[in-house]
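Structure, as structure tokens:
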Amino acid sequence: MKAHLVGAKWAQINRPGLCFFWYAYDILGNLTQKNTVRRSMQGGTLLEEPNPADEFYKTWFGTASYGAGGNAGPDAMSSAGDGAGNSITINYDNAGNMLNLTVLSTSDGSKVFTYEWDEFNRLKYAKRAGTNVSDYEALYNYDYGSVRIGKIEKKLVDQAVNYETTLYVNDAVEERLIRKSASLTEYELVRYIFDGSRLLRLDWNNTGSDSAFTRRWMHPDHLGTASLISNDAGDAESITIYLP
């Protein structure tokens, strides 16, 4: 892989035989444009496909605009789009908090994300609605020191409403109770335990005829993202690779 940096920012990344990424920035260092070219061999011929439409390579980003005005500041993105019907539009309140984000996609229709904030500029409510997307709502709770201590989520999964309650016990422990039906007859309890370098996930659920318990380890990469998840035996269950 070949990479080219300009002013400590990516200008282009070239992975021979795979793909090519090209980036542009404004004077403040905001990313204003990103283009992708995928390469593939077909019948002995090297083909290049600019901004392919599949999920892995496609970017709705295209060209972005910043400077939403008010207290949002010059670095706040106001809109982005690829000029082919895929775009986003963002609005902010007087304090600079994001109020709503509208995503338009030629393949998935529209999605609207709405946010509400309290008098201390803390997120208290979030909602997602649109075409080809499950409805979602979330309420957030804080303690006297403005530390988030809980979250209640309402999700539509397979035409059924699931309720998920998350308790942030402390910096090392987090618990989630997922109610999988209208009653409490089916649920899942998930506990995360962080020891300072590793994250352990414990799952217990009573779905089906027998109760089940599983243990998983979530391994962070150099940026702290859990890119590898292994089971109790140390075998990899999932590997996630992120683009630059």
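The values are calculated or read from the model by the stated rules, or taken from the named source; none is laboratory data. Note that the coordinates shown come from a computational prediction; the quantities given were computed from them, not determined experimentally. When we count neighbours, we look across all protein chains shown, and the Cβ atoms used for this are built from the backbone with ideal geometry, even at glycine.
Taking the criterion of being surrounded by fewer than 12 Cβ atoms within 10 Å (Cβ to Cβ) and modelled with pLDDT of 75 or more, the only residue of the range 173-195 that qualifies is Asp195.
Within the range 151-162, the set of residues being modelled with pLDDT of 85 or more and surrounded by 15 or more Cβ atoms within 10 Å (Cβ to Cβ) comprises Lys151, Glu153. Among the residues of the range 98-118, is there at least one that is surrounded by 15 or more Cβ atoms within 10 Å (Cβ to Cβ) and touching a helix residue (DSSP H, G or I) at 6+ places or on another chain (Cβ under 9 Å)? Yes: one or more hits. Against the conditions (1) at pLDDT below 95; (2) assigned to a strand (DSSP E or B), Leu139 satisfies every one except (1). Within the range 94-122, the set of residues being of a type in the set (Ser, Thr, Tyr), closer than 28 Å to Pro74 by Cβ and touching a residue at least 40 places away in the same chain (Cβ under 8 Å) comprises Ser105 only. So the check is Cβ under 9 Å with 6+ separation or different chains; which pairs have a first residue in the range 34-50 that's under 23 Å from Ser65 (Cβ atoms) and a second one that's among the small types (Gly, Ala, Ser) and modelled with pLDDT under 75? Going by the 9 Å Cβ cut-off, the qualifying pairs are Lys34/Gly62; Asn35/Gly62.
What are the residue pairs meeting all of these: first residue in the range 66-93, first residue under 22 Å from Phe120 (Cβ atoms) and free of Cβ contacts under 8 Å to residues at least 60 places away in the same chain, second residue outside any strand (DSSP E or B) and among the acidic types (Asp, Glu), Cβ atoms under 9 Å, and 6 or more apart or on different chains? Pairs that qualify, where the first residue is under 22 Å from Phe120 (Cβ atoms) and free of Cβ contacts under 8 Å to residues at least 60 places away in the same chain and the partner is outside any strand (DSSP E or B) and among the acidic types (Asp, Glu), are Gly70/Asp93; Asn71/Asp93; Ala72/Asp93. Before we move on, is Tyr125 crowded, with 16+ Cβ neighbours inside 10 Å, at negative phi and in contact (Cβ under 8 Å) with a residue 12 or more places away in the chain? Judged against the criteria, Tyr125 is not a match. If the condition is being at pLDDT 70 or above, in a loop (DSSP other than H, G, I, E, B) and among the β-branched types (Val, Ile, Thr), then the range 46-86 contributes no residue at all.
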